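Where a number appears in this text, it was derived from the coordinates with a stated rule and is not lab data. Note that the structure is a prediction, hence the values are computed from the model and not measured. FYI the Cβ positions are ideal-geometry reconstructions off the backbone, even for glycines, and counts take in every protein chain you see.
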Protein chains: 2
Amino acid sequence: MSKKNREKDLELIAFGITLKNIRKEKGYTQEQLSDYSRIDRSFISELENGEKAPTLLTLISLAKALRIKPSMLMQILEFELDKLTQK
Amino acid sequence: MSKKNREKDLELIAFGITLKNIRKEKGYTQEQLSDYSRIDRSFISELENGEKAPTLLTLISLAKALRIKPSMLMQILEFELDKLTQK
DNA sequence: GTGTAGACTGGCGTCGACA
DNA sequence: TTGTCGACGCCAGTCTACA
């Protein structure tokens, strides 16, 4: 549809917030998470800022590295998304 | 690396099974799900057969079309994945 | 420790068609 | 109704580098 005004998707913003929060709770740096998940650090940075959309496999890799279930990650994402859409 | 005989990822197989099961439970055809989610029908077919990996946005679109929470979809995926890895 | 930019490769996702 | 095929655009994801 109207992709002219490329504003970032709220889902990606919510995912970024979720990822960053969990990472910090676990006390990891982006670089450590990159090592554990084998996802490029610069890409993790972009994910946390809601600039890119991960694939399912990337999502699962990150969840594993964070020792959290993907479904739990999605639950938190939904929670963050609610907060964003209520504003 | 370089697996000549590209065996499919178990995660994608599990996702495909999950997607197909939920779709059938809702009584949708691939074409109907395609209309609701605005994902190409041929791509949905490939997803159900574990041949492709969806992005997070595609995953959420499909979940919405199926009137199920993404976190619930992931829970079922984890269940199916357990069944696959136990064999 | 993080954000970003550029260049690059592979694969996500679309479209049309046919069994 | 679904699987698959070919063609293709665009973006996921990598890598290097710098503030």
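Want the number for B:THR29 to B:THR55: 0.36 nm per residue separation, take away the alpha-carbon distance, what's left? The partial results should precede the final answer.
Values: separation 26, 0.36 × 26 = 9.36 nm, distance 2.16 nm.
Length gained, B:THR29 through B:THR55: 7.2 nm.
If we hang a label 7 Å off Cα along the beta carbon direction at B:THR85, how far is it from the matching labels on the other copies, in nm, shortest first?
Values, ascending and in nm: 3.1.
Give me the percent of Cα-Cα pairs in region B:3-85 that sit more than 22 Å apart, rounded to a whole number. Each step should come with its number before you reach the end.
Details: 599 of 3403 pairs.
Cα-Cα pairs in region B:3-85 separated by more than 22 Å: 18 percent.
With charges set only on the Cβ (+1 for Lys and Arg, -1 for Asp and Glu), what does the dipole of chain B come to about its Cα centre, in debye to the nearest 20? Walk me through the numbers on the way to the answer.
Working: 16 positive and 13 negative charges, 8 e Å.
Charge dipole, chain B, about its Cα centre: 40 debye, nearest 20.
For B:51-64, what's the mean count of beta carbons from other chains sitting within 10 Å of each residue's beta carbon?
Values: counts 0, 2, 7, 5, 8, 15, 6, 3, 7, 10, 1, 0, 1, 0.
Mean shielding by partner chains, rounded to a whole number: 5.
In a Debye calculation with equal point scatterers on the alpha-carbon sites of the protein assembly as shown and no solvent, what is log10 I(q)/I(0) at q = 0.09, 0.14, 0.18, 0.20 Å⁻¹?
Here the Debye-derived log intensity ratios amount to -0.32, -0.79, -1.26, -1.46.
Among A:ALA65, A:ALA14, A:ALA53, which residue has its Cα positioned farthest towards the positive end of the charge dipole of region A:1-86, with +1 placed on the Cβ of Lys and Arg, -1 on the Cβ of Asp and Glu, and the dipole taken about the Cα centre?
The residue sitting most towards the positive pole is A:ALA65.
Can you pull the mean other chain C-beta count within 10 Å for peptide A:69-78? Kindly include the intermediate steps, with their values, before the conclusion.
Working: counts 4, 9, 11, 4, 3, 12, 6, 1, 5, 5.
Mean partner shielding for this stretch: 6.
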